[in-house]
Amino acid sequence: MSTVIQSAGSAPLSKLITKLRNNPLLALIIGSAMAIALIVALVMWATRPPYRVLFSNLSETDGGAIINELDSRGVPYQFAAGGNALLVPGDQVHTLRLQLAEKGLPHAGNVGMELMEHQAFGISQFAEQINYQRGLEGELARSISSLGPVANARVHLALAKDSVFVRDRKPAKASVVLTLEPGRTLGDGQIAAMIHLVSSSVPDLTAEDVTVIDQLGHLLSSPAGQGKGLDSTQLDYVATVESTLRQRIETILAPIVGSHNVRAQVTAQVDFSAHEETAEHFAPNQPPNEAAVRSRQTSLDVDGKGNLAKGIPGALSNTPPGTAPSPVESSPTEASKDEATANQQGTANSQSERMRRDDVINYELDHQVSHIQHQQGQIERLTAAVVINYILDEAPAEASGNTETQKPHPLDDAQLAQIEKLVRQAMGYSEDRGDDLVVVNRPFITPPEEAPLPWWQNSDLQRLAMEIGRYLLIGLAILFVYRRLLRPVVRHYLETTAPQANLQTQVGAGDDSEIEQTDDGEAPEEDDATYARAPSHRRKATTYEQHLNELREMAQEDPRLVAMIVRGWMNDNDPS
């Protein structure tokens with residue numbers, strides 16, 4: 001039963017295959033369509049623009065929005081890197097980025113200050129503060145992402161909390177997470193600039209409270225209390241100083257010994273410490289005639305002649321007259337001596353005038369205060385090393401009659417002294433600074449010349465060969481399709497349709513012409529010369545017999561074809 005069903009199901013398929021084999025035109029159409037499709041596919045593959053990355057590391061929300069926008073614009077796209085990168089034709093990358101940026105794509109989760117434009121009426125102060133913080137974080141992230149090595153950035157802020165009590169105040173802090181471009185790094189100067197950008201944008205935020213890490217978790221910012229060493233800017237400054245001095249030395253010696261015969265290296269010790277100095281100096285007083293008087297005070301008291309105060313200052317002299325002094329236990333001899341001394345002083349005062357003079361002069365002091373702020377980057381010491389190659393004789397070998405190759409010879413002491421003096425002047429040599437210079441004259445070792453790369457390893461030629469190979473591959477594919485597919489199908493079609501056309505032509509010619517035949521119905525056999533001299537009606541008869549024989553053989557070999565032709569005639573003559 002199953003065999004019968006299988007044979008019944010395969011019968012229509014075999015009939016269809018038979019019909020396709022009997023209809024050569026259908027095979028020609030199918031082969032031509034396949035060849036054209038293959039050629040078009042190869043041309044499109046060769047001429048399509050290369051795909052480039054439009055965006056990478058997109059979130060699902062941003063990726064869906066961008067894909068919908070690309071579909072609406074009819075832009076082809078592809079995925080790469082496991083779906084993390086979106087590729088578009090290379091000639092449309094920049095245009096699409098600008099057009100998508102106009103629509104705010106990709107959002108990347110960074111919402112800027114536009115968040116403050118659409119706030120609900122009656123929003124609480126807490127929610128408003130949160131929106132402000134989110135907007136500030138988004139604006140900082142956008143600014144950091146605009147840097148060349150940074151692909152994406154996220155900023156987290158902990159804003160400062162004010163309090164009436166100083167001990168309860170909390171300073172602001174910030175954390176920055178960077179996603180760098182593949183193969184790109186940030187220098188110390190760029191990291192410091194980023195930290196200062198964040199600290200300058202947030203109130204009460206110092207640079208020490210900003211932490212920066214990359215996508216691998218590496219800490220890029222220096223912890224508090226560290227990072228006091230040289231940064232990249234200072235190292236670049238030292239390298240610039242050394243390179244400038246080296247170029248000066250090589251430039252001034254190049255006309256003398258040749259640019260390829262001198263090598264110089266300079267090492268600079270630079271002081272980057274920042275310090276200030278304040279000095280206060282007091283000089284000795286100047287002579288009175290040259291000294292500047294600050295203030296002067298003079299007091300003069302003259303009483304002229306009269307009774308002056310008498311006696312020794314004290315309680316005894318202030319005793320009113322007529323009062324006896326206090327008894328003093330003393331010997332009669334000492335009492336008589338004191339009385340005699342008092343009488344002598346009283347006699348002298350009665351004969352003098354009273355005069356008092358007080359002079360006070362204050363002079364300006366020689367006071368000098370100097371405040372010196374030392375500049376950073378001062379050169380403390382320079383050390384230079386110069387190597388000079390042996391030089392050739394000035395006179396050519398032909399002029400001296402020596403046919404041998406010239407041999408280099410060292411410089412004499414006078415030449416070395418001149419060169420050393422030139423180097424000192426070029427580098428700004430200073431003995432007080434402790435600079436050091438060494439000039440050495442030694443023959444250079446010429447390195448072996450590198451063999452040029454073979455022509456087939458040239459990158460430009462390889463790129464050109466790939467382009468030519470692409471188009472050559474297309475040409476070979478077209479030739480293969482034509483030789484293996486199109487030409488056999490066309491030949492089979494012509495071989496199949498030619499007998500039908502000949503049969504129709506011969507039948508039509510047999511109805512309209514009179515042909516001479518022999519008694520047995522066969523055309524006489526004639527050679528080519530006789531056939532060429534025969535009249536036209538005889539040549540027609542011979543051709544008819546030949547065609548008729550060919551049709552008989554064809555009817556015996558393929559009766560279906562003859563049946564199809566007869567059926568076509570019947571359909572053409574059918575009046576309906």
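The values are calculated or read from the model by the stated rules, or taken from the named source; none is laboratory data. Nothing here was measured: the structure is a model prediction, and the numbers come from that model. With ideal geometry, Cβ positions are generated from the backbone for all residues, glycine too; neighbour counts draw on all protein chains shown. Surface areas here come from the heavy atoms of the whole protein model, side chains and all, with no ligands, DNA or RNA. Shrake-Rupley method; radii C 1.70, N 1.55, O 1.52, S 1.80 Å.
What's the extension gain from Ile468 to Asp366 if we count 0.36 nm per residue and subtract their Cα-Cα distance?
Additional length available on full extension: 27.6 nm.
The stretch 123-137 to the stretch 164-198: how many Å between their Cα centroids?
If you average the Cα positions of each part, the centres end up 21 Å apart.
Could you give the length gained on full extension between Ala101 and Ala239, defined as 0.36 nm per residue of separation minus the Cα-Cα distance, in nm?
Stretched out fully, the Ala101 to Ala239 stretch lengthens by 45.6 nm.
What FRET efficiency do you get for Asp413 and Phe444 if R0 is 25 Å and r is their Cβ-Cβ distance, rounded to the nearest 0.05?
Approximately 0.75, to the nearest 0.05.
Normalised by the residues of the stretch 66-211, what does the relative contact order come to in percent, with Cα pairs under 8 Å and at least six apart?
Values: 161 pairs, mean separation 21.4, N = 146.
That works out to 15 percent.
Taking 0.36 nm per residue of separation and subtracting the Cα-Cα distance, what length does fully extending Ala207 through Lys421 add?
Full-extension gain reported as 72.2 nm.
Using label points projected 7 Å from each Cα along Cα→Cβ, tell me how many nm separate Val293 and Arg169, to one decimal.
Calculated label separation equals 5.5 nm.
How far apart, in nm, are the 7 Å Cα→Cβ label points at Ser14 and Asn84?
Rounded to a tenth, the inter-label distance reads 6.0 nm.
Between Leu216 and Arg567, what is the spin-label point distance in nm, taking each point 7 Å from the Cα along the Cα→C-beta axis?
My value for the distance between the label points is 7.8 nm.
For Glu380 and Glu431, FRET efficiency with R0 = 22 Å and r from the beta-carbon atoms, rounded to 0.05?
E between Glu431 and Glu380, to the nearest 0.05, is 0.95.
Highest mean first, what order results for 240-247, 457-464, 560-567 on Cβ atoms within 10 Å? Present the calculation step by step, with values, prior to reporting the outcome.
Details: 240-247: 15.1, 457-464: 10.1, 560-567: 13.1.
Taking the mean over residues of other Cβ atoms within 10 Å, the ranking is 240-247, 560-567, 457-464.
Per residue, how much accessible surface does the stretch 420-499 expose to a 1.4 Å probe? Answer in Å², no decimals. Before the final figure, lay out the partial values.
Numbers: 6480 Å² over 80 residues.
For the stretch 420-499, the solvent-accessible area averages 81 Å² per residue.
At 1.4 Å probe size, with the rest of the protein present, what percent of the exposed accessible area of the stretch 153-285 is carbon and sulfur atoms? Intermediate values should be presented prior to the final figure.
Values: 4400 of 8560 Å².
The value for the stretch 153-285 is 51 percent carbon and sulfur by accessible area.
For the stretch 97-211, rounded, prolate or oblate, judged on the Cα gyration tensor with a ≥ b ≥ c (square roots of eigenvalues), a/c < 1.5 rounded, else prolate if a/b > b/c?
oblate
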